[in-house]
Amino acid sequence: MEFEPSKDQQMLRDMVRQFVEKEAKPTAALRDDEAIWPTELVKKMGELGLLGVAVKEEYGGSGLDYISYAIVVEELSRVDASLGVIASVNNSLVCYGLERFGSEDQKRELLTSLASGRTLGAFSLSEPGAGSDAAAQKTTAVRDGDHYVINGVKNWVTNGDHADTIILMALTDPSKGVKGITAFLVDTHEPGCSIVKVENKLGIRSAHSCQMAYDNFRVPLWRRLGEEGQGFKIAMTILSAGRIGIAAQALGIAQGAYEAALGYAKIREQFGKPIHEFQAVGFTLADMATRIKAARLLTYEAAWRKNSGLDYVKDASMAKVFASETAMWVATKAIQIHGSNGYSKEYPVERFFREAKITEIYEGTSEIQRLVISREITRD
Ligand code: CAA
């Protein structure tokens, strides 16, 4: 058993930390306030190899392991969780899906540019009536010669308004339920695909989440991902990997909020001494550090299992539910330690608090993670 990061993983962490401290931190609050998409930072993430961390080098990726990927998302999110989710969606919901299920032609044509950051990806499963019940798809894909014609509305498409390629799920045979769902690699530059709205969100506002409509949108046959009817399994497999990314995002948010609280508790004096010397504050900091450590171990272990070719469905859900609830708890306590200052936008903890909430919701709510875990642990 090995608990130390490798030298390469430590160097990667240092590199990402330097990048976000210098280039993202100064503008993080403003970009969040005004919901500004981080064009230059996304470009830079691509150049640094952060958008295809675990993708093989022959397909344009950095060829690293999944723990390295978790470290990247953690470090981005420690400063700006919007960058964390933009990277996480491209890495695990799109690149991983393509590398795992794509044909050689699809990988050469699409994965190399997505993994190297020349293009950006998104993932489209949720619909107005299909949230936790992901199988309740209404979007249809009807075969027409060597094309499919897609009609429907998709919700909560992270990166949607900047994506070039979207992995989209649609019904090719409504009579077959989950076995009638098929995955497609949508080219957003083709006519018939439009942004209905960019959501006005509580947090991670710099990462855009869109509602998108497909109106007689034509997808050539070669852009079908996998076989007809495999779409739900593909989506679930992709989401299990994605949940490790969201656990890492939550971990980074928790770490950022903790560091802010620790720093504040050391300089803020009340009743003649720094507030960390009061047991109520000192013990809260101790609990924060302990919970974060536990979340980190769960997240890295799930990543290690994936890397080692072991089953990780349960472990990814455990990491996500624990890390996201840790992020919410730590961010809430971080505000409390800051007192009124924590409620002000002049300090970063209110942003961490708003960012933390979504990690308990997207890529499967905490309730869905518990459903997945309970099914896995009671299976024979
Ligand atoms: N990996 C592989 N296959 C899986 C799987 C997994 N993790 N989970 C289920 N499957 C397979 C099952 O084996 C089954 O196939 P077979 O019949 O061949 O055995 C098939 O999928 C159907 O599975 P279920 O019967 O378990 O399906 P269900 O309808 O009961 O739903 C669910 C299961 C876990 C509740 C699922 O609907 C789910 O995960 N819901 C949450 C959806 C979600 O996470 N959405 C997030 C969208 S992305 C996002 O957040 C936006 C963003 O951009 C960040």
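The values are calculated or read from the model by the stated rules, or taken from the named source; none is laboratory data. Owing to the predicted nature of the structure, the values given are computational and were not obtained by experimental measurement. Every residue, glycine among them, receives a Cβ derived from its backbone with ideal geometry; neighbour counts consider all protein chains shown. In case anyone asks, the SASA skips ligands and DNA or RNA and just uses the protein heavy atoms, side chains included. Shrake-Rupley method; radii C 1.70, N 1.55, O 1.52, S 1.80 Å.
The table below gives the values:
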{"item": "Sulfur and carbon atoms: percent of accessible area, region 42-185 [1.4 Å]", "result": "49 percent"}
{"item": "Using distinct alpha-carbon pairs, which all enter the 1/r mean, Kirkwood radius of the chain in Å", "result": "21.0 Å"}
{"item": "Solvent exposure of region 233-377 as accessible area per residue, Å², 1.4 Å probe", "result": "45 Å²"}
{"item": "Reachable lysines, given that their alpha-carbon falls under 26 Å from the alpha-carbon of residue 233 and they are not under 8 places away in the same chain", "result": "56, 107, 138, 154, 176, 179, 306, 314, 320"}
{"item": "Between region 146-197 and region 256-270, the alpha-carbon center distance in angstrom", "result": "46 Å"}
{"item": "Contact order relative to length of region 122-230, as percent, for alpha carbon pairs under 8 angstrom and 6 or more apart", "result": "31 percent"}
{"item": "Under-5 Å amide H pairs with residue 124, H placed in peptide plane, nonlocal only", "result": "167, 168, 169"}
{"item": "Computed P(r) (all Cα pairs; region 7-120; 10 Å bins; percent)", "result": "15, 48, 28, 8, 0"}
{"item": "From phi via Karplus (6.51, -1.76, 1.60), per-residue ³J(HN,Hα) for region 5-17 in Hz, x at Gly/Pro", "result": "x, 6, 4, 5, 5, 5, 5, 5, 4, 4, 5, 5, 4"}
{"item": "Under Karplus coefficients 6.51, -1.76 and 1.60, residue-wise ³J(HN,Hα) of region 95-111 in Hz, glycine/proline x", "result": "4, 4, x, 5, 5, 7, 10, x, 6, 4, 4, 5, 5, 5, 6, 10, 5"}
{"item": "Under 5 Å, built H, 5+ apart or other chain: amide partners of residue 225", "result": "183, 184, 185"}
{"item": "Region 249-380, accessible surface, carbon-and-sulfur percent (1.4 angstrom probe)", "result": "56 percent"}
{"item": "Burial order of peptide ranges 92-102, 189-199, 53-63, 301-311 (average beta-carbon count within 10 Å, highest first)", "result": "92-102, 53-63, 301-311, 189-199"}
{"item": "Relative contact order [Cα under 8 Å, 6+ residues apart], the chain, whole percent", "result": "16 percent"}
{"item": "For residue 53, residues with placed amide H under 5 Å, excluding near neighbours", "result": "62"}
{"item": "Angle in degrees between helix 313-338 and the longest Cα principal axis of the chain, rounded to the nearest 10", "result": "40 degrees"}
{"item": "Solvent-accessible heavy-atom area per residue, rounded to whole Å², over region 7-120 at 1.4 Å", "result": "39 Å²"}
{"item": "Selected from 118, 223, 296 as most flexible by GNM, with the chain as the system and alpha-carbon contacts under 10 Å", "result": "118"}
{"item": "In degrees, nearest ten, helix 366-378 long axis to first principal axis of the chain (Cα)", "result": "80 degrees"}
